[in-house]
Every structure is written in structure tokens, then in C-alpha cells.
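To keep things clear, I will list the structure first and then write my remarks on it.
The values are calculated or read from the model by the stated rules, or taken from the named source; none is laboratory data. It should be emphasised that the depicted structure is a prediction, and the values quoted were computed from it without experimental measurement. Glycine also receives a Cβ, built like all others from the backbone with ideal geometry; neighbour counts cover every protein chain displayed.
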RNA sequence: GCGCCUGUAGCUCAGUGGAUAGAGCGUCUGCCUCCGGAGCAGAAGGUCGGGGGUUCGAAUCCCUUCAGGCGCACCA
């Protein structure tokens, strides 16, 4: 029996109580699905619900009276072993071992599909993250968004959403010219321009640019800057893409800001916003009246000198997303951009969208890694590339994925390297590889899944705890998708790994394999199903985080 | 000054109105003839920053206050 089925049984019991007049409740007060949860204490059964506490007042009765009535009705339900009323009116429900154990087979047969739901089916979402300027290497902050953003894309898809992951390349504007000027300076021994780039990587780029364009020093200044800028841009962008692919982060679309200017999309965006009635002229500049919505001041679209602002490109980009058929737009931004939330939402509103529905801006706080060496080449930052080389892809991704985006983070590099409980990624991966070791032994000793499955044999306390945990998985994934919180998947995997290790260690008799002098029994075979169900869920969950599930470590 | 984020065990952090607030590390005590001890079981450790309020019930929601971080461009 799944929590969904249980929830349905509770709704039915409520409806029955209303139907026979026991319960005086308006029809719209009956929840379509009753919330059930895993109680903290094992003595409180497999599932608990506070529905009686919530409805008692509306029904003009006491919580305990209502709870007792529901308990009596529910006691008849197949698959439910017992229902107790506890405390102020909680319903504590215990399932039949057989009904609970059936889940093991369900999971193994579902395989990689277990945990995939349709809770976000029909939603078409553009997910933009990282979007670092192509003027330098990716750093630790980008690494957090890379890990979180990619996990988010996978989790949203697991919930049935249609997700396009997008990287916005800020390849237009004065910053690019300073980048080109900096490369040129390194190539020719000139002065790095004001606001330019000083890192060692600029020298590396200069060397490569000179290899491609030995004529660079002879070109007129403006042309030389342009050549250095374009060559450097391509090299740097290529490095970013390569580093991200190596990190297991894949984008469906790399969107160039410059293309918005070149195609005329920026001017068109201004015109379209003007048609919507939110554009005005003042002091020689063209403005968007974002204060019509949530912004605290209006924003310039076209400067007095005729140049469009970065904000104008943002508006054009937003419209592009809208035009390309994405009702949902999620932006993952760093904390230093939180001032952008209101103006981005105002763009959506000015464009005729609903800022509550069509745009979500998620702000991630900063992260620091203690003990990390600072990159000399990039100017005293922690580079993604160095971090992965030092710590390893799995540990970096997992460590950054197991915290909510809005908590400031201070990680210790040494902890991420440890192969002990200090390091949750190893704890979870170890559990997975242990399930594989059990499988290998089973194969060797002739324990085969297809020979038997008797769920009523999974009646040990640690087995029911494990089954309870396994049954939560689809809801955890759906919830992580709904709330845009990938860390919930990681936290769940840690709890599952813990339950698995407990089961494994609980009692020497609870083995999926016989001792060498024993015969294979149905108990062994059935426990192997449970073992494999755990393996399946650990592998599925790790995959959502972009972390490998090793068979041996 | 205004706005956003954060404040939970010695440390790093979970906990989107429920029962005795949890995990890991660190500190103690136990558990290996046989599936991976990279593990497990237990103990100790808390005014959930402070103060009000909402309600059957608040770490969670509201107000206020203190502390820390970040942001308030015709920059990108």
C-alpha cells in the first residue's frame, strides 16, 4: 500500500462519515487528498495523519471523537493492520507486512522509472543558470549553480516537466572590449585598460590568440582589440563549455546576448514594450516604467547616447523565452544579483505575463571552500576546474547539492575528500556499492530473484523501516521539483543509506545470502528483492544529482 | 536610509503549523569465525539570537528588536 492509496482510503472514510451523517461537514471542507506522513517515532506506526485535528473544529466535534470514528472505518481496509488514536487526535496507522513488503518488487520491476512522476506534467520550463561572462574561468560560485542547476533540471524532468537548460552568454557590451583590450595588452606588452582583466589566464589567452593571429601586433588599434576580443571569446567560451561538460553539466541552449542586438531583437523588444504602454522618454533616454509593478525605480532601456543598456537585452531575452514557447522561466542567480529580482519580474509584467506564474528567480547564497588553493591564473579565486581536479567530480557535485541554495555555505575541502561518515557522498555511494556486493554474492550462491518473493517475510522492524523509507522516494522527488530544492533528494538518500546500513547490521540472520553451510530459502530470495530495491532507489537518486553510483569502491 | 538572505548542539548543517527539535563530525561506551567494520548500536550535548502576538498546537506564520552577509547605476 502506497501513501497515495492510504491517502485515498482516508478520503473515502471521511466521505463515508459525511454520507451517513456521522460527520457534519460542508462538501468543500473535505480535502481531496489527506496528508499522511512518516512519524518520527516508530511506535507511532508506519504512517500518521493529523486530519482529525484539522477538521474537528469545522465539524463541531472533538479531534479524538472524529479520529476514533475514522479509525473504526479504516480498520476494515485491506492492507491496513491497525489504526490507533494517539495524543490529541493523531491517527497512527500500521500496515500489514505483506502489503508493505510488496513495494520491494514494485521498485525492482520499475527500475529507473521508480520515482518518476507526472506531478509537473505539461509544464514547459526554461531554466537558466550560471550565465557567467565569457571573459574568464568559472569559479566556485558558478560551481554551486552548476551542480544545483543541473540537478534541478534532472529533478524537474523526473516530475514530468519539459525543461530546457539554458546558458546566457554576456558577449556584448563594454566589458567584452575591455576583455579584448586586456588580451591585446598581454600580447603586445601594452597597458591593461581600466576595468580590464589581470589574471594569468589572460596571458594564456594572449599566447593562443597570437598563435592564431600572428598579425595581431601590426593591426590598427581598434581592429586589434576586436580580433583579440573575438579570438579570446571563442577560446574562453570553449574552455567554459569543456569544463562544464567534464563536470557533467549539460545545456540545451547557449544563448548569445550579442545575437539579440544583431538580430534587432532588442529594438523590437523596446517597441513591443512601448505598445504595452510601459515605455516613456525622459532626459533623452528611453525608460521602462517598472515602478508600475514591483520595482522601486524605473529603468533605462536606451541611453541618451543611443546605446541600449544591459537591461534592454534582459528584456529582449525574456521576450525571446516567451516567444520560444516557455510559459515557465526559472532564473538561478547569485546573491549579488538579488537586486534584479524586482526588475526582472517587472519585465515579465510589462510584457503582459503574470510575474507570479511565468517567472521565478531563485537566489543562491555565496559559498566558500576552506583549504582550497586560490587560482593564480584567474586572480585569487577558486576555479571550478581546480576544485574538481582536487576533490573529484562526484564529491563536489554532491557536496554542493545537499544544501538549500539560500544558505551561505562554508565547506572544508578536506572533509569532501574523506572516505568516511564525514563525507555524505561516500556514505551514500558506499551503501550503493554494498548492495552490489550483496548481489554479487547472491549470484555466486545461487540466490535468484525469480525463484521466490514472499513479502510477508519482510517483517523485521528494520525491514519495515527500510520499506517505509523506500515508499517515500517518489514524493521526495516530486516535492524537490515542486519546491525547486534538489537538496531534499540528497538528504533523503542519506537517510535511506542509513536505514540500509542499519538493516544490514541489525541482525546477522537478516541476510540476503545463506551461510556457506546453509540452503537458500525464500527469506534469502525475498531479502534480495529488498536489497535490490534499495540499490535501485540509491542509483536513481544519485542520478538525479548527477553523481555516479559505483558498483565497487 | 531602503530592500533581500541568514541566525537551530562545541563545529558544519537538516527540519515548507504537529507528538520527546534531528544528522554527521568531535567526546565517551559497546558490536567483526561467514553478504564490504569506508559500517552499526548506545550515551552525553539545545532558553531553535531576544521579546511580543496568531492557535488546540510555532524552529516554522505575523510584528518588533539584536547580530552577520549581500544589494540599492544612462556598469556588465
Checklist entry - Out of all the residues in segment A:483-501, is one or more surrounded by fewer than 16 Cβ atoms within 10 Å (Cβ to Cβ), in contact with a helix residue (DSSP H, G or I) (Cβ under 7 Å, 6 or more places away or on another chain) and not in a helix (DSSP H, G or I)? => result no
Checklist outcome for this item: Picking from A:111, A:122, the residue that is at positive phi and not in a helix (DSSP H, G or I) would be A:122
Checklist entry - Does at least one position in segment A:18-28 carry a residue that is closer than 17 Å to residue A:73 by Cα, buried (at least 16 other Cβ atoms within 10 Å of the Cβ), touching a strand residue (DSSP E or B) at 6+ places or on another chain (Cβ under 7 Å) and in contact (Cβ under 8 Å) with a residue 24 or more places away in the chain? => result no
Next on the checklist: Suppose the filter is over 26 Å from residue A:405 (Cα atoms) and out of contact with any strand residue (DSSP E or B) (no Cβ under 8 Å at 6 or more places or on another chain); does residue A:306 pass it?
Outcome noted: yes
Checklist entry - Which is outside any helix (DSSP H, G or I), touching a strand residue (DSSP E or B) at 6+ places or on another chain (Cβ under 7 Å) and more than 8 Å from RNA strand B (Cβ to nearest atom), of A:94, A:77? => result A:94
Next on the checklist: Which of the numbered conditions does residue A:178 fail, given that it passes all the others? Conditions: (1) closer than 25 Å to residue A:393 by Cα; (2) within 14 Å of RNA strand B (Cβ to nearest atom); (3) modelled with pLDDT under 95.
Outcome noted: (1)
Checklist entry - Of the residues that sit in segment A:280-321 and are closer than 29 Å to residue A:164 by Cβ and not in a helix (DSSP H, G or I), which one is farthest from RNA strand B (Cβ to nearest atom)? => result A:293
Checklist entry - From the set of residues in segment A:493-505 that are more than 6 Å from RNA strand B (Cβ to nearest atom) and without any contact (Cβ under 8 Å) to a residue 60 or more places away in the chain, which is farthest from residue A:403 (Cα to Cα)? => result A:503
Item to check | Condition broken by residue A:531, with the remaining ones in (1) more than 23 Å from residue A:154 (Cα to Cα); (2) more than 8 Å from RNA strand B (Cβ to nearest atom); (3) surrounded by 22 or more Cβ atoms within 10 Å (Cβ to Cβ) satisfied | outcome: (2)
Checklist entry - Across segment A:270-299, what is the total count of residues that are in contact with a helix residue (DSSP H, G or I) (Cβ under 6 Å, 6 or more places away or on another chain) and without any contact (Cβ under 8 Å) to a residue 24 or more places away in the chain? => result 2
